[in-house]
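The values are calculated or read from the model by the stated rules, or taken from the named source; none is laboratory data. None of these values were measured; they are calculated from a predicted model. Reconstructed Cβ throughout: ideal geometry from the backbone, glycine too, with neighbour counts over all protein chains shown. Protein only, heavy atoms only, side chains kept; ligands, DNA and RNA dropped before computing areas. Shrake-Rupley method; radii C 1.70, N 1.55, O 1.52, S 1.80 Å.
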Amino acid sequence: MMIELHSYLKGEWVRGRGDVHAAALVNPASEDVLANVSTDGIDFKSALTYARDRGGASLRRMTFASRGELLRAMSRAIHAHRDELITTAIANGGNTRSDAKFDIDGASGTLAAYADIGVELGDTNVIADGESVQLGRGARLFGAHMFVPRDGVAVHINAFNFPAWGLAEKAAVALLAGVPVISKPATSTALVAEQIVRIFTNEKLIPDGAFSFIAGGTGDLLGMLTGQDILAFTGSSTTAASLRGGKAILTNSVRTNVEADSLNSAVLGPDVEAGSDVMNLFINDVVRDMTQKTGQKCTAIRRVYVPSAMLDDVIGRISERLAAIRVGDPARDDVAMGPVATAQQLKDVSEGIVRATTECATVVCGGPKRIDGIGCGAAASGKGYFIEPTLLVNKSPSATDPIHTHEVFGPVATVMPYDGSSAHAAALVRAGDGGLVASVYSDDKEFLKSLIVAVAPYHGRITIGSSKVASQAIPPGTVLPSMVHGGPGRAGGGEELGGRRGLAFYMQRVAIQGDRALLVTVRGG
Ligand code: NAP
């Protein structure tokens, strides 16, 4: 059944005029059209005013504790509708059931984590930042800092790969900070996001104006943002550069956060033995990241560095595991990897593999050609955006190779040798020029310390896989609400989440100076 996707603005569900600027959403396994969307003719100016005035005022009247209760209700509502959301993610995102759970449970989990932070912050609506300091000669004149919610709206623009988590992880932090949200998912996979917002509105969970939703393009919205507004973007570096350069964004100093491309690396230490727990952890992480969500994860391992002496062994282990991955209809239980999300994605991934193999790498398994998916039926032959998990090897890596500069956003990774020293491994990792996450697998303390210190300025997060944590390690591709997410350079230069740290982006830190007792009255401590 064809769905007409709607936006939720000024407290009602609306759709743009006719088919102007309309886009179609498809099932990437069958290429069937599932929904149409258009925002043409929508009055974004009044939607912005409504969100700022009504939503902002309501949220600022609430304390952190009561905003936390709001997030808890949102989390529970998503969880209560988990099965229907999973069904939609399978149809519109090409997700397997397990991929869909990763997205949807990530959404409810992040909202719940920020609900807990709301409880911890309690019945106040300002956050004291550090101790007060004596400024005058006597013990009266003091200075102190505090955070207050910004007086605008947070515009959230998300990538296609996590329609549920992307919406929730940004909204959780903004709403807890006291800032109303206008959320825009990527159009191609917007069905899950629209369904979540319908759950919120049907259950009347969110104060009027505090959460708006755009299905489709943003029209003239970004050109009307002011210095109190906020833009948080996740997507490609090309789009990020164009949005960042927008006139209103630059002129009005709109606070902007960007999460973009990232060539995440995994380094196997020279001390790790074949068949050890750490080796198994490393292989599991690489194979999971190549195939989970069909490799369309911003945190997925793209570059795999292995001591030269272990190169063949590691290639053998990874390719053996990849050969067992069944690619096909993601609705089937016997399929481990679905299609990529769109025709454009398939084209980009194929071209990325061809570019890598033309310039510096060879194919170990997989390849750039589209394949028919298992279980799609004879009638679907030639349909669906399926591609095999593809392992490449680049035997003499250099910093200028496309492996170090071009993100292939699909089930593709490249194994490369290094000479076993932390200095050589660090030089290769740093060639990615800024990433979301790097993972290092070793028990050698000296190797770990020197490598981590050398690559840390280039990353938002580093995970260490060692024997003591091998049985309970959290995969590097999993973004946790308590840890910061973001990275410098190519990764966009942004920072999200990180527990309370994430709130600062949506709040104004202000220094106040005056009589000590009055400072205590204003900031509560
Ligand atoms: P994209 O093409 O850049 O699109 C991202 C978002 O920007 C979509 O919602 C898109 O909307 C919107 N957009 C595009 N042009 C716009 C414009 N002129 N004005 C306003 N909005 C605009 O990226 P994608 O293909 O969805 O995502 C893949 C990329 O995202 C990869 O490079 C990946 O590395 C990156 N990513 C990064 C992270 C992270 O956390 N660092 C997470 C996930 C993905 P439409 O869909 O309507 O065009």
**Prompt:** What does the charge add up to near Ala456, with Lys and Arg as +1, Asp and Glu as -1, over the other residues with Cβ less than 13 Å from its Cβ?
**Reply:** +3
**With DNA, RNA and ligands ignored, accessible area of Ser398 (1.4 Å probe; Å², nearest 10)** = 50
**Taking N as its residue count, the alpha carbon Rg of the range 468-525 over 2.2 N^0.38 Å** = 1.77
**Prompt:** So for Phe102, Phe162, what's the accessible-area order with a 1.4 Å probe, most first?
**Reply:** Phe102, Phe162
**Asked** In square angstrom, what is the accessible area per residue of the chain with a 1.4 angstrom probe?
**Response** 39
**Prompt:** Which of Ser7, Thr405, Ala22 sits closest to the plus end of the dipole of the chain, meaning its Cα is farthest towards the positive end, when Lys and Arg get +1 and Asp and Glu get -1 on the C-beta?
**Reply:** Ser7
**Message:** Taking the alpha-carbon distance from Lys468 and a cut-off under 20 Å, which aspartates and glutamates remain once sequence neighbours fewer than 8 residues away in the same chain are dropped?
**Reply:** Asp271, Glu273, Asp277, Asp285, Asp443, Asp444, Glu446
**Request:** Determine the relative contact order of the chain: mean sequence separation of Cα pairs under 8 Å and six or more apart, normalised by residue count, in whole percent.
**Result:** 18
**Prompt:** From the cross-link list Lys293/Lys445; Lys170/Lys445; Lys293/Lys449; Lys101/Lys383; Lys10/Lys293, which pairs have alpha carbons spaced over 29 Å apart?
**Reply:** Lys293/Lys445; Lys170/Lys445; Lys293/Lys449; Lys10/Lys293
**Message:** Looking at the calculated P(r) for the range 264-486, what percent of the C-alpha pair distances fall above 26 Å?
**Reply:** 32
**Prompt:** If the viscosity is 1.002 mPa s and the temperature 20 °C, what translational diffusion coefficient in µm²/s does Stokes-Einstein give for the chain when Rh comes from Kirkwood over Cα pairs?
**Reply:** 89
**Prompt:** Any idea what the relative contact order of the range 264-486 is, in percent, if you count C-alpha pairs under 8 Å spaced at least 6 apart?
**Reply:** 27
**Item:** Förster-model FRET efficiency, 56 Å R0, Asp220 and Ala423, C-beta, rounded to 0.05
**Value:** 0.65
**Message:** As a test question: what accessible area, to the nearest 10 Å², does Lys45 have when a 1.4 Å probe is rolled over all protein chains in place?
**Reply:** 130
**Request:** For the range 202-269 and the range 385-423, write down the distance between their C-alpha centroids in whole Å.
**Result:** 29
**Request:** Would you give the gap between the C-alpha center of the range 348-372 and the C-alpha center of the range 69-143, rounded to a whole Å?
**Result:** 39
**Asked** How long is the gain from Thr358 to His145 if the chain were fully straight, where each residue apart is worth 0.36 nm and the alpha carbon distance is subtracted?
**Response** 71.1 nm
**Asked** Got a sec to turn the phi values of the range 332-344 into Karplus ³J(HN,Hα) couplings, 6.51 cos²θ - 1.76 cosθ + 1.60 with θ = phi - 60°, whole Hz, x for Gly and Pro?
**Response** 8, 5, 8, 9, 9, 9, x, x, 6, 6, 9, 4, 5
**Prompt:** Along the range 200-214, what does the Karplus equation 6.51 cos²θ - 1.76 cosθ + 1.60 (θ = phi - 60°) give for ³J(HN,Hα), rounded to whole Hz, x for Gly and Pro?
**Reply:** 4, 6, 4, 8, 6, 7, 10, x, 3, x, 6, 9, 10, 9, 10
**Complete:** Output row, site Ala65, 7 Å Cα→C-beta label point, backbone N cut-off 18 Å, window the range 108-147, residues 114-128
**Asked** Which FRET efficiency value, to the nearest 0.05, do you get for Asp40 and Ile374 by plugging their Cβ-Cβ distance into 1/(1 + (r/R0)^6) with R0 = 45 Å?
**Response** 0.70
**Asked** Sorting Arg15, Arg516, Arg501 by accessible area (1.4 Å probe), largest first, what list results?
**Response** Arg501, Arg516, Arg15
**Fill in**
In nm, the gap between the two label points placed 7 Å beyond Cα toward Cβ at Val469 and Asp208 is 4.8
**Request:** Using a 1.4 angstrom probe on the protein heavy atoms only, line up Arg137, Arg17, Arg67, Arg60 by accessible area, largest first.
**Result:** Arg137, Arg17, Arg60, Arg67
**Request:** Give me the percent of the accessible area of the range 264-486 that comes from carbon and sulfur atoms, probe 1.4 Å, all protein chains in place.
**Result:** 53
**Fill in**
Note on the range 190-230: C-alpha Rg/Rh, Kirkwood Rh, two decimals, gives 1.04
**Request:** Quickly work out the Lys247-to-Ser276 label distance, labels modelled 7 Å from Cα along the C-beta direction, and quote it in nm with one decimal.
**Result:** 6.0
**Prompt:** In the range 390-492, which trypsin sites (Lys or Arg not before Pro) are in a loop and have at most 12 other Cβ atoms within 10 Å, using DSSP for the loop call?
**Reply:** Lys395
**Request:** Determine the shape class of the range 31-94: with a ≥ b ≥ c the square roots of the Cα gyration tensor eigenvalues, call it rounded for a/c under 1.5, and otherwise prolate if a/b is greater than b/c, oblate otherwise.
**Result:** oblate
**Item:** P(r) tail fraction, the range 383-465 - alpha-carbon pairs more than 22 Å apart, %
**Value:** 30
**Asked** Per-residue accessible area for Tyr506 at 1.4 Å probe radius, Å² rounded to 10?
**Response** 10
**Separation in nanometres of the label points that stand 7 Å from Cα toward Cβ, at Asp515 and Asn284** = 6.3
